[in-house]
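So the structure is just underneath, and the comments pick up after that.
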Amino acid sequence: MHPLHRALAPAVLAAVAALCATQTVHAASEVKIGLLSTLSGPGAALGIDTRDGFNLAVKQHNGLLGGIKANVIVVDDQQSPDAAKQTTDRLLKRDKVDFMTGVVFSNIMLAIAPPVFANKTYYISSNAGPSQLAGAQCTPYFFSASYQNDNLHEAVGQTVQDRGFKKVALLAPNYPAGKDALAGFKRYYKGEVAMEAYTPLQQLDYGAELSQMRASGADAVYIFLPGGLGINFIKQFNGAGLGKDMTLFGPGFSADEDVITAVGEPMVGMFNSSLWAHDLDNAANQRFVADFQKEYGRLPTLYAAQGYDAAQLIGSAVQAVGGDLKNKEAIGQALQAAQFESVRGPFKFNTNHYPIQNYYLREVIKDAQGRVTNKLIGTVFENHADAYASACKM
């Protein structure tokens, strides 16, 4: 058990046991999980890694989560809020899932949130962490096994500030997570913002933005461009020669192993923040990384790590209630206890059901084997909480 669990988990789990003891426990024959994720289009790699990380955890437990059969229903949200809402309705009403997870993009998370919470179905986020659900719109039925959207960007803002960069150009997509991203960065970076631009979520050509960056006189560039967006931007950034005069920073999503595989050596020297790294030295992570590589033939990304932890969290709650999936109150308390070994290291939930955890700095390097990959180089924040929890009245 991680040290951060010790203070809270025993009391919470004792309360769960007491809740279960006061009524007859009816263990379900299976736990149904609706894994709705982006499996097509420019963001497909992110959803695929989320799915593969989740499924790896289930496989490690011989097809079980919390001691009962796991029925994982995987569906594509097509990166469309309308399609996601239709599919969510089917998962809730026809399939009667016990949990939902998997959404990558925050605009989709906010679109499906009302029916999920109205149905009193627990949503375990494996990625999207919009500020709205961290603050005034928090709910007992949402738990983030990832982060709050601002957090990774706050870590880079602090890093860029500490390293003495004077003028920064900022670029993000024009959707809720993009707005949270740059707000988080600016919360900790106090230098001059020479340029701030928001682009359409599907944009893949950044010629105009690169021209603005060149003219801005910035000495650093911070981008939040996940998946295919980041791949295209970084190729174009280096192709335009801007890497000679500007240091490139991003969150882990914009410099993870999927992006590195697509871009290659031009990524070397890029700094990025993450709540996880494949070279984090703990037993749970070593097993996860080794098994993921064996199963899928590639290094996992942050998305895979979060999908894996989401499955582990669900399993811990199902185990704690003895498979009694109708006991919603006990399940909520078991989720809050977070009684699982996270691949990221120390982890616990804040009062708004978002994590309190460490945030790390990684650098893209070329290692001794000639492999271009991320290397953990330091810790930016320890036991870091989000900025919105005080507005949550749970």
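The values are calculated or read from the model by the stated rules, or taken from the named source; none is laboratory data. Note that this is a predicted model, so its numbers are computed, not measured. So basically every Cβ, Gly included, is an ideal-geometry build from the backbone, and we count neighbours across all protein chains shown. Side chains included, ligands, DNA and RNA excluded: accessible areas come from the protein's heavy atoms. Shrake-Rupley method; radii C 1.70, N 1.55, O 1.52, S 1.80 Å.
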Review point. For Gly34, all conditions in the list (1) assigned to a helix (DSSP H, G or I); (2) open to solvent by less than 10 Å² (accessible area, probe 1.4 Å) hold save one; what is the number of the exception?
Key: (1)
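Residues are listed down the side, and each one gets a yes or a no for (1) over 24 Å from Asn149 (Cβ atoms); (2) touching a Cys at 6+ places or on another chain (Cβ under 7 Å):
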{"site": "Gly307", "(1), (2)": "no, no"}
{"site": "Ala310", "(1), (2)": "no, no"}
{"site": "Ile314", "(1), (2)": "no, no"}
{"site": "Ala330", "(1), (2)": "yes, yes"}
{"site": "Arg344", "(1), (2)": "no, no"}
{"site": "Phe349", "(1), (2)": "no, no"}
{"site": "Asn358", "(1), (2)": "no, no"}
{"site": "Glu363", "(1), (2)": "no, no"}
{"site": "Asp367", "(1), (2)": "yes, no"}
Exercise for review: Kindly check whether there is at least one residue in the range 374-389 that is open to solvent by less than 10 Å² (accessible area, probe 1.4 Å) and either at negative phi or not in a helix (DSSP H, G or I) (or both).
Suggested key: yes
Practice item. Restricting attention to the range 376-394, report how many residues are under 19 Å from the mean Cα position of the chain (by Cα) and over 30 Å from Thr139 (Cα atoms). Key: 2
Review point. If you go through the range 315-333 one residue at a time, do you hit one that is open to solvent by less than 10 Å² (accessible area, probe 1.4 Å) and of a type in the set (Lys, Arg)?
Key: no
Study note, to complete from the structure: All-but-one check, Pro226 against (1) part of a helix (DSSP H, G or I); (2) modelled with pLDDT under 95, failing number (1)
Exercise for review: Tell me, please, whether a residue that is assigned to a strand (DSSP E or B), open to solvent by 20 Å² or more (accessible area, probe 1.4 Å), β-branched (Val, Ile, Thr) and within 30 Å of Lys120 (Cα to Cα) can be found in the range 353-363.
Suggested key: yes
Exercise for review: Tell me, yes or no, whether the range 291-312 has at least one residue that is under 23 Å from Gly378 (Cβ atoms) and among the basic types (Lys, Arg).
Suggested key: no
Exercise for review: Consider only pairs whose beta carbons are under 8 Å apart and that are at least six residues apart or on different chains; among these, list those whose first residue lies in the range 39-60 and is assigned by the TED database to the domain that holds Ala310 and modelled with pLDDT of 95 or more and whose second residue is surrounded by fewer than 22 Cβ atoms within 10 Å (Cβ to Cβ) and among the acidic types (Asp, Glu).
Suggested key: Leu39/Asp76; Ser40/Asp76; Gly47/Asp76; Asp52/Glu295; Leu56/Asp291; Leu56/Glu295; Lys59/Glu295; Gln60/Asp291
